[in-house]
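Contents: one structure, followed by commentary.
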Amino acid sequence: MIQAYYTFCHETLHIHMYTIPLIVAAALAVLFGLLHWRKQKKRQEDFEDEMEEKYGNSENGAAQKSGPLFF
């Protein structure tokens, strides 16, 4: 089977036999990277919305609302 694959790649496609698996692996890596980026962006937006609801919009508001740092 490997000999047939080797012959197919070298004589028909004129490429090395490891090129096709590398192309598949690279395509999967790009796909997983894009999916992770998209999901991370959504998680970041959800986190920012949750922090907005919890602490409000002002940056100083959280420091003013909280109690003293030292007891």
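The values are calculated or read from the model by the stated rules, or taken from the named source; none is laboratory data. In this text, all values refer to a predicted model and were calculated from it rather than measured experimentally. As a convention, Cβ positions derive from the backbone with ideal geometry for all residues, glycine included, and neighbour counts pool all protein chains shown.
Kindly indicate the residue of segment 8-18 that is assigned to a helix (DSSP H, G or I) and loosely packed, with under 10 Cβ neighbours inside 10 Å and also farthest from the chain's Cα centre (by Cα) among those meeting that condition. The residue in question is GLU11. Residue count for segment 19-57 under the criterion of being over 26 Å from the mean Cα position of the chain (by Cα) and either in a helix (DSSP H, G or I) or modelled with pLDDT of 90 or more (or both): the result is 3. Taking each residue of segment 2-14 that is without any contact (Cβ under 8 Å) to a residue 40 or more places away in the chain and looking for partners that are loosely packed, with under 10 Cβ neighbours inside 10 Å with beta-carbon atoms closer than 8 Å, six or more apart or interchain, yields nothing.
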